[in-house]
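Only one structure is covered here, and it is reproduced in the block below.
Where a number appears in this text, it was derived from the coordinates with a stated rule and is not lab data. Here the structure is a predicted model, which means the values were calculated and not measured. Neighbour counts are summed over all protein chains in view; Cβ atoms, including those assigned to glycine, are modelled from backbone coordinates with ideal geometry.
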Amino acid sequence: MVAEDKVALKGAATLIERVSTYLPEDITKVVGQAYDYANQCHEGQMRKSGEPYIAHPLETALFLADLHLDSHTIVAALLHDVVEDCGVSLEEITQKFGPEVAKLVDGVTKLTRMDDKLQPPADDIANMIDDAEQLHAESLRKMLVSMAEDIRVVLIKLADRLHNMQTLDALSPEKRKRIAQETLDIYSPLAHRLGIWEIKWRLDDLAFRHLNEEKYREVSKILASKRTEREEYIEKVTSTLKDELTKYGITAEVVGRPKGIYSTYRKMQKYEAQGKEFGEIYDLFAIRILVTELADCYKSLGVVHQLWHPLPGQFDDYIGNPKENLYQALHTTVICDGGTPLEVQIKTYELHRIAEYGVAAHWAYKEGNSGDQRFEEKMTWLRQLLEWQREVSGTAEFIESVKQDIFHDQVFVYTPKGRIVELTSGSTPVDFAYKIHTELGHRCIGAKVNGKLMSLDTALGNGDTVEILTSKADRGPSLDWLNPNRGYVRSAGALQSVRQWFRKQERSTHIQRGRDVMRRELRRLDQKINDAAVLGMFKMDTMDDLLANLGSGNIAESLLSHRLAEFGHETEPPLSNRRNDLPLSSPSSGITVLGVGDLLIRMGRCCNPIPGDSIIGFITRARGVTVHKQDCPSVKHEDEPERLVAVQWGQEKQLYPVRVTMKAYDRVGLLRDLTALVSHEGVNIASVITEEWTDGTVTMSLTCHTTGLDQLNKLFSKLEGVRGCISVTRDRSSMPAPTHS
């Protein structure tokens, strides 16, 4: 057996040994089979470093096994190059190892091809510099898309890049610099975003060595020259601190914290810009306190501050206020013996594991291992991902949760210059404008999405390029932007900016605007209510205060509408005194017509079916669908069987018939736009009565079936946005008892 085979077999045995510590025996066998298959596929292939090619996927898998990732990820790591380098088809991988492994391999292969495609020719250095920003944006976009599809693809790619960086010396200087710069620009920030410090600091140091070897060696020498001094000092302070913690009954591990070369270099640059010396770097001497319970973190902090004097402005509570990338710890800097600054990090073993391995750390978590309440409340999208992972580790259910729920909560869009902007899901061009700059939001009058003019309530999607059109005049935002039913603004930051703008306007303007809003709401709800009652709803002293708050946006129109509607509901006359001229039947009377949209449903009086009976529908010529029992004589001997349709009992719900009157300027397509909008809101129309007037206006009375006030208020807001709309009102006297459907 050649030496290369012995090395490979030894590595394979190491991999099997590591995965067997946390995976069942039958799953471990699959990992061994995947290694044998990958070894066979890469047989005869050598890396430029001179080692057998199988060493690369093996090292990638070993690193992921250290993170206790699931078997599919380990197998995919072993096979991640067989498609690109060995010509193996995804169908063959699916047949041998299943569709989930094949999907992961395909994802990593696409990222690899993207890297190759984006690399400029060696003789095109000028274009490489000009296109650097575009390449970075495209690479990052592809990474984020891959994360949305399956975050494990990115974990494999990060481990793959780490081993490639460790063997980069075999490449030419030009390629080394290009790959190192890409690592520093894309892969290291991505590892940071995922909270995987163990990968981030290694990638940083390896990339720094190839990008600026002179500075790398300089910083290394400085750190090495002070190593003995640092180690002696750290040993002294850790011993002192351990004794003090023990005195207060705190069981803790106190260790020195190693400094990365690149992070030290960045800190040196920062301090040089401030005119400070290297010796003034606060965290050059650093220790870490690890405890079991979260409460012991704060107890330990008290001991540290009692033992040594804390430096003002150098304390951060990342447990109470976690960083976006999952990191949680207490940071403080104190002055120790001899006046030397010492940085102290305090965290639990669990938080330390998360800090080192981020997302990957939670693949090892067991169901039911929940953290404290404050931790859960402050979770970001990444922490939510980890919660699902605790319950459905490595399953398709988890991957679907990531796609539908986690990345549903954020979108990544581009500025016209290619800059990536992160927004919450459902964000509009108005949110985008305020994210860029408050003044841009105030002047926003339109937007182009992917080069096309779009309405300002358009929901942006991943990868969209957004251009904001601005007004030359200082017109300010629209009050409609504060109405959540109109859907112009979704983010809290943008809403706050809009509210602040309106607060700066004169009080009289706010009062007049508020009065207009109040009149419109009372008119459309057909309400008459005295000032004292309205003030009581909002606990205001004067009507001017209420109108000013309403006009400035401090009180949302939707809240006013909701409370007025509730008040009207409380003061409605008894059922026996109400008009009952609206149909009690519902367009969706708890019955689903299979293969057909919403139709008017009526129960056959000949057989009177009730829920639980076997039923069938008969399409009448003018009255929708009549429902009969399956054995009803009326349908058993029907001469036109093509008019019979399959129906089934649906879920019972309450629907309220409401008459809504809209006055608008007459135009072609008005009725079509109106009915399409109502249908889009999920509201069924029982009837429409249209009346034209000599002044060019038209009045349309719609009988609609709504689920309640919230849906009705949203419908009003949408109807007011129809082109040509003058007013929308509601005939409250026409509301009978709810129908059950």
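Here is the list for the range 484-563: trypsin sites (Lys or Arg not before Pro) lying in DSSP coil, each with at most 12 other C-beta atoms within 10 angstrom of its C-beta, are LYS504, LYS528, LYS539. Legend: distances between Cα atoms for LYS157/LYS270; LYS452/LYS472; LYS472/LYS718; LYS200/LYS242; pairs beyond 25 Å are LYS157/LYS270; LYS472/LYS718; LYS200/LYS242. Within the set LYS175/LYS347; LYS110/LYS259; LYS259/LYS299, which residue pairs have Cα atoms separated by over 29 Å? Pairs exceeding the cut-off: LYS175/LYS347; LYS110/LYS259. The alpha carbon gyration tensor of the range 505-571 gives principal lengths a ≥ b ≥ c with a/c of 1.5 or higher and a/b greater than b/c, which makes the shape prolate.
The string of couplings for the range 260-265 from the Karplus curve (6.51, -1.76, 1.60, θ = phi - 60°) is x, 5, 5, 5, 5, 4 Hz, one whole number per residue in order, with x for Gly and Pro. Computed from backbone phi with θ = phi - 60° and the Karplus coefficients 6.51, -1.76 and 1.60, the 3J(HN,Hα) list for the range 37-54 is 5, 5, 4, 5, 5, 8, 4, x, 8, 10, 7, 5, 6, x, 8, x, 4, 4 Hz; x is used for glycine and proline. In loop segments of the range 15-48 as defined by DSSP, the chymotrypsin sites (Phe, Trp or Tyr not before Pro) with at most 15 further C-beta atoms inside 10 Å of their C-beta are TYR22.
Backbone amide hydrogens, once placed in the peptide plane, bring ARG730 within less than 5 Å of LEU525, ASP526, THR661, excluding anything fewer than 5 places away on its chain. Here the 3J(HN,Hα) profile of the range 243-255, calculated from phi with Karplus coefficients 6.51, -1.76 and 1.60 at θ = phi - 60°, is 4, 5, 5, 4, 4, 9, x, 9, 8, 8, 9, 10, 9 Hz, Gly and Pro shown as x. For the range 405-507, the list of GluC sites (Glu not before Pro) that fall in a loop by DSSP and count at most 16 other C-beta atoms within 10 angstrom reads GLU506. Amide H contacts of MET603 (H built 1.01 Å from N, in plane; Pro and chain starts excluded): VAL627 sit under 5 Å, all sequence-distant by 5 or more or on other chains.
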